[in-house]
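What follows is a set of notes on a single structure, which appears directly below.
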Amino acid sequence: MSTYERFEKIYSSSLKFFTTKDLRDLLGIENRRTFEEAVKKLESEKVLTKIERGKYLKTKSKYSKFEISQFIYNPSYISLEIALSYYGLIEQLPFEITAITTKKSIEKKFEEQIYSYKNISKELFIGYRREEDFLMALPEKAIFDQLYLSLFGIKSENILKDIKKDSFDSEKVLEYLKPLPEKTKKAFENKFTEIFQC
């Protein structure tokens, strides 16, 4: 396969993002050295942009930072400060793209953008929906995640204090408490009542 044919393979693909496996399958190159040289050529010709090891972006494709967040660390969904901003619950526009994951907490960076992921248990990895090509926490789940992680000093509760009580469903927030031990439930409920006076 010629270099031009490889370019065409990438451009004609419906994918915006590629793992090493995606590229190997698409290009049909079995030899490791040949494959690595082909990918480097695609990078040098600005056909592919390397995000991190084993993950690439089709350079000319249109994508959002939320899609990048989803691709580089999975499973995850957008939540916390950036989701609160997305729904207009807070006025601040956070610099970081914040997400929840069942994997270890980590911070990544691509094109000067910080992507921050906070760990949560599998039982609490709920309350999100698909928005275009990424997963977004529901408004009440974003509030829950922010307050829940603040109980452990991982996030700040202060950002929640400007949220108006009538802008979300309190009962839906508290529904997410079900999997938690009683002590944590009580601590959450007390803090929730203190912030939102309900």
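Every number here is computed from the coordinates shown, using simple stated rules; none is lab data. Because the structure is predicted, anything quoted here is derived from the model rather than measured. Glycine gets a Cβ as well: all are built from the backbone with ideal geometry, and neighbour counts include every protein chain shown.
F18's amide H: which non-local residues (gap 5+, or another chain) put their own amide H closer than 5 Å, with H modeled 1.01 Å from N in plane and none for Pro or chain starts?
Y56, L57, K58
What label, among (i) 0.97; (ii) 1.08; (iii) 1.25, belongs to Cα Rg over 2.2 N^0.38 Å computed from the structure on display?
Entry (iii).
How big, on average over all directions, is the shadow cast by the Cα convex hull of segment 3-58, in nm²?
3.3 nm²
Give me a comma-separated list of calculated 3J(HN,Hα) values for segment 163-173, in order, Karplus coefficients 6.51, -1.76, 1.60 applied at θ = phi - 60°, integers in Hz, x for any Gly or Pro.
Those phi angles translate into 7, 6, 4, 8, 9, 8, 9, 4, 4, 5, 4 Hz.
With respect to the cross-link table entries K55/K178; K9/K46; K41/K62, which display a Cα-Cα separation exceeding 26 Å? Present the calculation step by step, with values, prior to reporting the outcome.
On the way: K55/K178 37 Å; K9/K46 14 Å; K41/K62 22 Å.
The answer is K55/K178.
Provide the net charge surrounding S76, with neighbours chosen by a C-beta distance below 10 Å and charges set as Lys +1, Arg +1, Asp -1, Glu -1.
Value of the local net charge: +2.
What lysines could a cross-link reach from K185, if we take a straight Cα to Cα line under 28 Å and drop same-chain neighbours fewer than 8 places away?
List returned: K103, K104, K118, K122, K141, K155, K161, K164, K165, K172.
Under a straight-distance cross-link criterion of Cα-Cα below 14 Å, which aspartates and glutamates are reachable from K58, leaving out those fewer than 8 residues away in the same chain?
Output for K58: E8, D22, E43, E45, E67.
Less than 14 Å Cβ to Cβ from K103, Lys/Arg counted +1 and Asp/Glu -1: what total charge do the surrounding residues give?
On the way: positive: K104, K108, K118, K122; negative: E107.
After counting each charged neighbour, the total is +3.
Once phi is turned into ³J(HN,Hα) by the Karplus curve 6.51 cos²θ - 1.76 cosθ + 1.60 with θ = phi - 60°, what whole-Hz value does each residue of segment 119-132 show in order, with x for glycine and proline?
These are the phi-based 3J(HN,Hα) values: 6, 9, 5, 4, 5, 9, 7, 9, x, 9, 9, 7, 10, 6 Hz.
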